[in-house]
Amino acid sequence: GSKKTKNKILKVAIYCRVSKNTPEQLRSLEIQEIYFEKLVSKNADWKLYKIYKDVGSGTRREGRDGYIEMLKDAPKHRFDLILVKSLSRFGRNTVETLSTIRRLKKMNVAMFSDVEQINTMEVNEALLSILLAAAQEESENIKFGIRQRMRSGKAVLNHTRFLGYTKGEDGRLVVVPEEAEIIRDIYKMFLDGKTIRTIADTLTEHGIKTPGGKD
């Protein structure tokens, strides 16, 4: 056959989601979009169909319009492939993600997750469910660990490169008196209208190093 039939042009959908409507998260959404648009434009066999996106409100009710619209368009064969940042970003939970992937597969629509570098058409159900469970577990464990440390008052901060505090024997933050003096001076200079540059220069003149031991 001719070359045309060999390289089928795939219509690509992009799905981006962030969980909160904050400036940082909206910026992250923008970065995701730009990243995937570049990825599509670099691939000669891909043509961008549409970007679907969702912004959660941070409350229990997630913004889901993009997700719902995308799943309505899928049976109409408007795209062949969905690009998503990670498996855990796709559905609300493991069960939903798996059943959606299954439905898409039946329609001959593949999903590619960038973090895991997985194409759902190329891996079997068993592997997918293991990966999803791991993604879910990891995010839950991280949240759980942070919550537990907060409850016990233990430092979640990296205190080794931190001026003014250190970690005590019980894992709680403890003030370092001589460093606390420096912190007070910094605040005083700032309140006196000194620029950050001037403050840094003043500290350097007095031979005060950063927590990492630099000027």
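Distance between the 7 Å Cα→Cβ label points at Lys20 and Ile208: 3.1 nm.
Which of Lys20/Lys194; Lys50/Lys106; Lys20/Lys188; Lys167/Lys194; Lys20/Lys214 have a Cα-Cα distance over 28 Å?
Distance filter (> 28 Å) returns Lys20/Lys194; Lys20/Lys188; Lys167/Lys194; Lys20/Lys214.
Modelled this way, with points 7 Å down the Cα-to-C-beta line, the labels at Arg27 and Asp215 are 3.0 nm from one another.
Cross-link reach is defined here as a Cα-Cα straight distance under 19 Å, omitting same-chain residues fewer than 8 places apart; for Lys53 the aspartates and glutamates meeting it are Glu24, Glu30, Glu33, Glu37, Glu62, Asp65, Glu69, Asp73, Asp80, Glu96, Asp114.
The charge dipole of the chain, taken about the Cα centre with unit charges on the Cβ atoms of Lys, Arg (+1) and Asp, Glu (-1), comes to about 1220 debye, rounded to the nearest 20. Over the residues of the chain, the helix contribution to mean residue ellipticity at 222 nm works out to -14500 deg cm²/dmol, using -39500 (n - 2.57) for each DSSP H run of at least 4.
Taking only the Cα atoms of segment 4-97, the ratio Rg/Rh comes out at 1.00, with Rh defined as the Kirkwood radius.
No value in this document is a laboratory result; all are computed from the given coordinates. The structure presented is a predicted model; accordingly, all values stated were derived computationally and were not measured. No Cβ is skipped: glycine too gets one built from the backbone with ideal geometry, and neighbour counts run over all protein chains shown.
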